[in-house]
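A.B. asks: One structure follows; several queries about it will come next.
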Amino acid sequence: MKFTFVTLFPNLIEPYFYDSILKRAVEANFISYDFYDPRDYTNDKHLKVDKAMVGGGAGMLMTCQPLFDCLDDIKKKNPDAYVIFPLAAAKPFRQNDAKRLAKKRNIVFVSGRYEGIDERVIEKYANEVFSIGEFILTGGELPSLTMADAISRNVDGVLGNSDSLTIESYENNLLEAPSFAKPENFQNLSVIKEFLKGNHSKIHDLKNNLAICKTKYFRPSLVTNKKTK
């Protein structure tokens, strides 16, 4: 899996790959990444990539020419590149999307800045558009990185123990049940006693019930009739 980031600020993204799981995944060649800066493609002598909005409006938009040329170059080098735009006005990014997209060979994230990106760029190049939440950020780098992280974890080999994926939140439309680490009692706060008895069947059933309760409380829209019967 290769991630390509189209961004004016690669330094906001690259350090995330310097440590922990993603660092090991890069070193083991399970994932790789590169960057393209639209300023390298602009025809503007001052290296500007933004212009005022047609019809008026506050702020500036990233304009067509640099992004067209940049994305054409990416597509020429890799015709299978799958282009994603993080947008506030888009469908929510879900765990099932992360799992599905982990099967792609090259994902391109186009990070907007200023007041966004000229709609014509999105219409021409986007394979999909996603929102990571109902809030506004200063740019698309954090959403791009968030999606890349979620997708990476579902790439074969990235996690040392693939079983970790089966017990996480959003599997089977449930949030993950509460978890506890040793010691069993800390400052008079104890873990659930049933977890200490070694009956794995009962522990499994209890965790499933706790997951249902947690989901009903925090995310009731995830709970289906089938899961709660």
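The values are calculated or read from the model by the stated rules, or taken from the named source; none is laboratory data. Just so it is clear, the model here is predicted, and its values are computed rather than measured. All Cβ positions, glycine included, derive from the backbone under ideal geometry; neighbour counts span all protein chains shown.
A.B. asks: Do you know which of the residues in segment 98-133 that are in contact (Cβ under 8 Å) with a residue 40 or more places away in the chain and among the acidic types (D, E) is nearest to L159 (Cα to Cα)?
C.D. replies: E128
A.B. asks: Can you name the strands (runs of 3 or more DSSP E) wholly within segment 1-67 that have at least 1 residues being buried (at least 19 other Cβ atoms within 10 Å of the Cβ), touching a residue at least 60 places away in the same chain (Cβ under 8 Å) and of a type in the set (D, E)?
C.D. replies: Fully inside segment 1-67 and qualifying: 50-52.
A.B. asks: Does segment 114-134 include one or more residues that are in contact with a helix residue (DSSP H, G or I) (Cβ under 6 Å, 6 or more places away or on another chain), among the β-branched types (V, I, T), over 26 Å from K51 (Cβ atoms) and in the same structural domain as Q65 (by TED's automatic domain parsing)?
C.D. replies: Yes, that holds for at least one residue.
A.B. asks: Right, something else. G116 - would you say it is surrounded by 14 or more Cβ atoms within 10 Å (Cβ to Cβ) and on the phi > 0 side of the Ramachandran plot?
C.D. replies: Yes, satisfied.
A.B. asks: Now a separate question. With respect to the numbered conditions (1) crowded, with 16+ Cβ neighbours inside 10 Å; (2) over 11 Å from the mean Cα position of the chain (by Cα); (3) not aromatic (F, W, Y), which one is the sole condition not fulfilled by P143?
C.D. replies: (2)
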